[in-house]
1. Quickly estimate the mean residue ellipticity at 222 nm for the chain, helices only: each DSSP H run with n ≥ 4 gives -39500 (n - 2.57), and the total goes over all residues, rounded to 500.
2. Could you work out how far the C-alpha centroid of region 81-137 sits from that of region 170-186, in angstrom?
3. What pairs in LYS3/LYS163; LYS3/LYS180; LYS13/LYS180 have C-alpha atoms more than 28 Å from each other?
4. Restricted to Cα positions, what overall size does region 7-195 have along the principal axes? Three whole-Å values, descending.
5. Top mean-square fluctuation among GLU57, GLU32, GLU11, Gaussian network model of the chain, C-alpha springs under 10 Å?
6. Quick one: net charge around ASP26, please, counting Lys, Arg +1 and Asp, Glu -1 for every other residue with C-beta under 14 Å from its C-beta.
7. Please give, to one decimal in nm, the separation of the simple spin-label points placed at ALA173 and GLN7, each 7 Å out from Cα toward the Cβ.
8. If contacts are Cα pairs under 8 angstrom and at least 6 residues apart, what is the relative contact order of region 7-195 in percent?
Amino acid sequence: MQKPYAQSSEENKQVILEAIRPLLHDCRRILEIGSGTGQHAIFFGEHMPFLTWQTSELPENHPGILLWLEEAGLENVLPPIELNVSGNDWPETTYDAVFTANTFHIMSHQNVSDLFANLTGLLNSNGLLVVYGPFNFNGDYTSDSNRQFDQFLKNRDPDSGIKDFEWLNELAAEAGLMFKQDIAMPQNNRILCWQKP
């Protein structure tokens, strides 16, 4: 089996690192939701050795992640755990931060709602939720390319699509999280960060 490879992960890993490193400097244990190929986990784990980075994915994606981990040999990046955000397999461990990239627009609204609902018991005090991807604001797209991307997503899966920041912020408030930061990123993406008091 060849290692899976995502071109987008390769292209955005450096700019994401530069944005999240200041946010995570006081953190030690991170859970990544939807680790995909594992490329982000390897890159961030290598450049932030003070973190223990826990990967997670659906079982069918575990072999690819393990190939990346085996090649990198990083002690601070852990093998993936099985995690379906709408399932009952959430870890009992607590974390200083939860990170997820390019997942919300693929998830259904129910998936995203379930993710937020499970964060309360997952995050330590002052714990962070850090989310990278495209978002809408005040119900509007931030670019024509995001509008086209959203249509593509919904044609492929009607339950998916770019989510509204205001709705996400309501879910965060219900989960006891406070909005902390919005960072503009290349390619009409953002990093949104919430914090548990």
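No lab work stands behind these numbers, since they all come straight from the coordinates. Given the structure is predicted, the values throughout are model-derived calculations rather than measurements. Neighbour counts are summed over all protein chains in view; Cβ atoms, including those assigned to glycine, are modelled from backbone coordinates with ideal geometry.
1. Details: 6 runs with 66 residues, N = 197.
Helix-only estimate at 222 nm: -10000 deg cm²/dmol.
2. So the two Cα centres are separated by 12 Å.
3. On the way: LYS3/LYS163 30 Å; LYS3/LYS180 36 Å; LYS13/LYS180 22 Å.
Exceeds cut-off: LYS3/LYS163; LYS3/LYS180.
4. 43, 35, 32 Å, listed from the longest principal axis down.
5. Largest GNM mean-square fluctuation: GLU11.
6. Details: positive: ARG21, ARG28, ARG29, LYS180, LYS196; negative: ASP96.
My count for the surroundings of ASP26 gives +4.
7. 4.1 nm
8. Details: 322 pairs, mean separation 35.1, N = 189.
It rounds to 19 percent for region 7-195.
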